[in-house]
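Asks: Below is a structure I'd like to ask you about.
The values are calculated or read from the model by the stated rules, or taken from the named source; none is laboratory data. None of these values were measured; they are calculated from a predicted model. Here Cβ is always computed from backbone atoms with ideal geometry, including for glycine, and neighbour counts include all displayed protein chains. With ligands, DNA and RNA removed, areas are computed over all heavy atoms of the protein, side chains included. Shrake-Rupley method; radii C 1.70, N 1.55, O 1.52, S 1.80 Å.
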Amino acid sequence: MGQSPSTAGTASELNRREISLSNRFISRSFPVVAPVGLNKEACLFEKFAGGRDYTSDLPDDCLAGIFQYLTSGERACCSLVCRRWRLVDGQSRHRLSLNAKAEILDFVPSLFVRFDSVTKLSLRCDRKSISINDDALILISIRCWNLTRLKLRGCREITDVGMTAIGKNCKGLKKLSCGSCMFGAKGMNAVLDNCTDLEELSVTRLRGVHDITELIGPGAAASSLKSVCLKELVNGLSFGPLLIGTKMLKTLKLIRCMGDWDKILETMGSTSTELTEIHLEKIQVSDVGLWGISNCLKLETLHIVKTPECSNFGLVSVAEHCKLLRKLHIDGWRTNRIGDEGLVSVAKHCPNLQELVLIGIYPTSLSLLALASNCQRLERLALCGIGTIGDAEIEFIAAKCVALKKLCIKGCPVSNTGIEALAWGCPNLVKIKVKKCRRVTGQVADWLRERRSSLAVNFDEGEIEPLDGSSSDVGAQESGMEFHPIVSQVTMADAPSSSNNRFTMFRTKFGFFAGRNLVPCAFRRWSNSDNITRSSM
């Protein structure tokens, strides 16, 4: 296997086998075409097999099952083999992705006559092209009345009229994702009012909602909606009634949405009791909002990323009430408002913590001692851009975190001495990533690999970058849109006096940093080989 043939006889046998396999999938109506120089072998095979199409013995359901294992391009090739394969492919294809340019309008009827079983549809249009309009979307909604998933990207010509048709004709819709679209609150409400089975809603850069008074409510989806993701919305507060009125909501993600979210989160704390996962990234929220979140007693995953008004007080409130917390990501943006006090409270009240990502904050050995001693189930730990983490802290982690499986150290003042301690500690450690730690050399990484052969060591001694989390691997965002949050109301009343100058500089540059691709997940690259949860890693 894997070796090239060494004799002419072997090559002849292989060629004969290739002809045999290729002709097995040719129907009687097509002549057998043999490669040049192999006419004799082809004629012998034709005489022996009789040109029979063995796939004709397969039931349509079996053939359709085989097609499910093929890629979209492979299925397209198979549909050209014969009419039967084309028919089976069209009837068994449930997922379809189309380049949603305006020119597709004339082909919509015939397209969905062939693909009449599509339940998952993706319509994408690039920025330089004119997208499909309401007429095309109305035709699609009539032909694909059994849609369960719909994704719209860059369909700027679609208005409330087209979305209203989707709501009325595709009432079985379960997942809706729209980005860079121009329809407004009326179209969104039409979907929510008619799709009683809607479970997931993702909205990114919806430009049709021009006024905060255009409210979007849960409608008929109030009892079915389980996941809402709002990203880069100028008038994101228009979705307030939707968030407050959804009783069974489990996952909430608010990413770079303008407006003060404290009041909505405070209200949700008493209405959305089923929430288990919350992501807050670069939005205006303070300890008042965190206090509201603390009433979600089933909360298991919390991301607090670049929210400069959140402090230890809010984190303590969450820790004291949300005792089922398993995953916690904090990016303090070096504002020094979250530190030992909040982390000690997490260690004290959240013994089930399994994943902890800390970026741009200043914990000391006090909080690390509490976390290592009380959180015995901690399996994944990331420390990025933390100036207070040195060799002593890493040695302590190696000695105390016995359940730790994955460790990421990035941009910390750690030396070879601290890394060497991992050779004897953390018995369950399987992966370690050390990046941009100038005092750690490649020699210790090689030594650690030799010492623990089962340990995967990822070492990068690249150029040192500013430790502001901008180059971290935590929660990478795809958009390059310049988005300026509201910072005029940010206060530092309870911040240490030593951090005032730093925060003044931060406020000055807030608008600049807001448009950069900041804060990615420290375990993002590990997700390709491990089945960690959908949201992080």
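Asks: Could you tell me whether any residue of the range 435-451 is under 30 Å from Asn352 (Cβ atoms), open to solvent by 10 Å² or more (accessible area, probe 1.4 Å) and touching a residue at least 60 places away in the same chain (Cβ under 8 Å)?
Replies: No, the range 435-451 contains no residue that is under 30 Å from Asn352 (Cβ atoms), open to solvent by 10 Å² or more (accessible area, probe 1.4 Å) and touching a residue at least 60 places away in the same chain (Cβ under 8 Å).
Asks: Listed residues Val203, Val209; which is closer than 16 Å to Met258 by Cβ, buried (at least 20 other Cβ atoms within 10 Å of the Cβ), at pLDDT below 95 and of a type outside the set (S, T, N, Q)?
Replies: Working: Val203 fails: at pLDDT below 95.
Every option except Val209 fails the conditions.
Asks: Given the options Thr271, Thr276, name the one that is surrounded by fewer than 20 Cβ atoms within 10 Å (Cβ to Cβ), at pLDDT below 95 and within 20 Å of Pro218 (Cβ to Cβ). Working first, answer last.
Replies: Numbers: Thr276 fails: at pLDDT below 95.
So the residue among Thr271, Thr276 that is surrounded by fewer than 20 Cβ atoms within 10 Å (Cβ to Cβ), at pLDDT below 95 and within 20 Å of Pro218 (Cβ to Cβ) is Thr271.
Asks: Only one residue in Lys186, Lys247, Lys253 is open to solvent by 10 Å² or more (accessible area, probe 1.4 Å), part of a helix (DSSP H, G or I) and touching a residue at least 24 places away in the same chain (Cβ under 8 Å). Which one?
Replies: Details: Lys247 fails: part of a helix (DSSP H, G or I); Lys253 fails: part of a helix (DSSP H, G or I).
Exactly one of Lys186, Lys247, Lys253 is open to solvent by 10 Å² or more (accessible area, probe 1.4 Å), part of a helix (DSSP H, G or I) and touching a residue at least 24 places away in the same chain (Cβ under 8 Å), namely Lys186.
Asks: A follow-up question, please. Has the range 123-137 got any residue that is in contact with a Lys or Arg (Cβ under 7 Å, 6 or more places away or on another chain), closer than 20 Å to Gly219 by Cα, open to solvent by 40 Å² or more (accessible area, probe 1.4 Å) and not aromatic (Phe, Trp, Tyr)?
Replies: No, there is no match, as no residue in the range 123-137 is in contact with a Lys or Arg (Cβ under 7 Å, 6 or more places away or on another chain), closer than 20 Å to Gly219 by Cα, open to solvent by 40 Å² or more (accessible area, probe 1.4 Å) and not aromatic (Phe, Trp, Tyr).
Asks: I need the full set of residues from the range 284-304 which are of a type in the set (A, V, I, L, M) and open to solvent by less than 10 Å² (accessible area, probe 1.4 Å), in order please.
Replies: Step one: filter the range 284-304 for residues of a type in the set (A, V, I, L, M), giving 285, 288, 290, 293, 297, 299, 302, 304.
The answer is Val285, Leu290, Ile293, Leu299, Leu302, Ile304.
Asks: Same structure again: Among Cys178, Cys155, which is surrounded by 22 or more Cβ atoms within 10 Å (Cβ to Cβ), outside any loop (DSSP other than H, G, I, E, B), out of contact with any helix residue (DSSP H, G or I) (no Cβ under 7 Å at 6 or more places or on another chain) and not aliphatic (A, V, I, L, M)? Break it down into steps so the answer makes sense when it comes.
Replies: Details: Cys155 fails: outside any loop (DSSP other than H, G, I, E, B).
On inspection, the qualifying residue turns out to be Cys178.
Asks: Under the condition of being more than 13 Å from Val457 (Cβ to Cβ) and of a type in the set (Val, Ile, Thr), which residue from the range 408-423 is surrounded by the fewest Cβ atoms within 10 Å (Cβ to Cβ)?
Replies: Thr417
Asks: Could you grab me the full set of residues in the range 79-113 that are assigned to a helix (DSSP H, G or I), over 22 Å from Arg156 (Cβ atoms) and under 32 Å from the mean Cα position of the chain (by Cα)?
Replies: Within the range 79-113, Asp89, Gly90, Gln91, Ser92, Phe112 meet the criteria.
Asks: Please list, ordered by first then second residue, the pairs with beta carbon atoms under 9 Å, 6 or more apart or interchain, first in the range 162-181 and farther than 10 Å from Ile138 by Cα, second open to solvent by 10 Å² or more (accessible area, probe 1.4 Å) and among the aromatic types (Phe, Trp, Tyr).
Replies: Sorted first by the residue in the range 162-181, then by its partner, the pairs are Cys170/Trp145; Lys171/Trp145; Gly172/Trp145.
Asks: Working only within the range 246-271, note down all residues that are under 19 Å from Ser224 (Cα atoms) and hydroxyl-bearing (Ser, Thr, Tyr). Lay out the reasoning, then the answer.
Replies: Going residue by residue through the range 246-271, those that are under 19 Å from Ser224 (Cα atoms) are 246-253, 268-271.
Answer for the range 246-271, where residues must be under 19 Å from Ser224 (Cα atoms) and hydroxyl-bearing (Ser, Thr, Tyr): Thr246, Thr251, Ser270, Thr271.
Asks: Let me ask another. Only one of these conditions is not met by Phe67: (1) modelled with pLDDT under 85; (2) aromatic (Phe, Trp, Tyr); (3) open to solvent by less than 30 Å² (accessible area, probe 1.4 Å). Which number is it?
Replies: (1)
Asks: Return the only residue of Leu111, Leu96, Leu150 being modelled with pLDDT of 95 or more, open to solvent by less than 70 Å² (accessible area, probe 1.4 Å), among the aliphatic types (A, V, I, L, M) and within 24 Å of Lys175 (Cβ to Cβ). Break it down into steps so the answer makes sense when it comes.
Replies: Numbers: Leu111 fails: modelled with pLDDT of 95 or more; Leu96 fails: modelled with pLDDT of 95 or more.
Only one candidate passes the filter, namely Leu150.
Asks: Given the range 407-514, what helices (runs of 4 or more DSSP H) lie entirely inside it while holding 3 or more residues that are modelled with pLDDT under 50? Walk me through how you get there before you give the answer.
Replies: Details: elements: 416-420, 442-451, 500-514.
Result: 500-514.
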